[in-house]
Amino acid sequence: MIDSLYECFKHWSEKGSVWILGDTHFNDADCLLMSPDWVTPAYQIEILTKYIHKNDTFIHLGDVGNPEWMTSIPGYKVLIMGNHDQTATKFQPYFDEIYKGALFISDKILLSHEPINGLEWCLNIHGHDHSQWNGKDKYHLNLAANVCNYTPQNLKDIIESGRISNKNITNIHRIAIEKQKEFKET
């Protein structure tokens with residue numbers, strides 16, 4: 001169980017692990033334009049199923065491609081829609097939860113398809129950027145499939161890595177309190 005998740009998302013981790021990856025672009029013809037060594041959907045599924053099991057939750061950060069490939073991935077499935085995911089109805093048979101925009105899942109974790117800048121009090125876990133930039137600052141983690149070798153990342157491991165610790169990212173509530181103190185002192 002990941003206790004730091006907001007109550008409405010804790011069910012994701014009740015029975016297993018929570019895995020995150022974006023931009024699989026299954027059968028998307030543009031993939032080779034983004035990366036000349038883009039792997040096949042079958043190979044991506046092979047990698048994903050090494051990690052994701054029937055009691056796990058898989059969070060897809062958007063740009064799924066052909067959603068029929070999702071039937072090969074076990075477990076509970078969550079979609080944060082991307083710019084290539086045009087209508088939620090197309091994905092409803094393949095996902096248990098679908099979100100059309102960015103989603104705060106805890107005080108310091110924001111899931112989105114595209115990177116969101118200017119939020120210096122949370123970690124933005126995103127995809128969309130297919131360059132090799134992999135969240136080189138403490139506020140971003142780029143999990144576009146080709147950037148992280150098509151390997152899903154474990155949410156609990158991300159949290160436990162210290163990337164979201166109090167010394168690295170200040171809680172939004174603490175920022176508000178400090179600004180109020182500064183205002184009163186002037």
Checklist entry - Any idea what the relative contact order of segment 7-185 is, in percent, if you count C-alpha pairs under 8 Å spaced at least 6 apart? => result 21
Checklist entry - Between residue 121 and residue 87, what is the label-to-label distance in nm when each label sits 7 Å out along the Cα-to-Cβ direction? => result 3.9
Next on the checklist: Please compute the modelled spin-label separation between residue 30 and residue 42, points set 7 Å along Cα→Cβ, answer in nm with one decimal.
Outcome noted: 2.6
Checklist entry - Once amide H atoms are built 1.01 Å from N in the peptide plane, which residues 5 or more positions from residue 58, or in another chain, come under 5 Å H to H? => result 19, 76, 77, 78
Checklist outcome for this item: Taking Cα atoms only, helix 41-51 is inclined relative to the longest principal axis of the chain by an angle, in degrees rounded to 10, of 50
Checklist outcome for this item: Neighbour-count ranking for 8, 31 (other C-beta within 10 angstrom, fewest to most) reads 8, 31
Checklist entry - In nm, to one decimal, how far is the modelled label at residue 114 from the one at residue 151, with both set 7 Å along Cα→Cβ? => result 3.0
Checklist entry - Given the chain, what percent of its DSSP beta bridges are antiparallel, to the nearest 5? => result 20
Checklist outcome for this item: In whole Hz, the Karplus estimates of ³J(HN,Hα) for segment 103-111 (6.51, -1.76, 1.60; θ = phi - 60°; x where Gly or Pro) are 9, 7, 10, 7, 4, 10, 10, 10, 9
Checklist entry - Within segment 45-68, whose backbone N sits under 12 Å from a point 7 Å along Cα→Cβ of residue 96? => result 53-59
Next on the checklist: Just to confirm the number: angle between the C-alpha axis of helix 172-185 and the first principal axis of the chain, 0 to 90 degrees, nearest 10?
Outcome noted: 20
Checklist entry - Which whole number in µm²/s is D for the chain by Stokes-Einstein, with the Kirkwood Rh taken over Cα pairs at 37 °C and 0.692 mPa s? => result 192
Next on the checklist: Given a 10 angstrom Cα cut-off, can you work out which residue in 162, 75, 62 is the most mobile in a GNM of the chain?
Outcome noted: 162
Checklist entry - For residue 98, which sequence-distant residues (separation of 5 or more, or a different chain) have an amide H within less than 5 Å of its own amide H, given hydrogens modelled in the peptide plane? => result 79
Item to check | Cα centre as origin, Lys/Arg/Asp/Glu Cβ charges: the chain dipole, Debye | outcome: 540
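Taken together, the values in this text are just the output of simple stated rules run on the coordinates, not laboratory data. Since the model is a prediction, treat every value here as computed from it, not as a measurement. Counting neighbours? That spans all protein chains shown, and the Cβs are built from the backbone with ideal geometry, glycine included.
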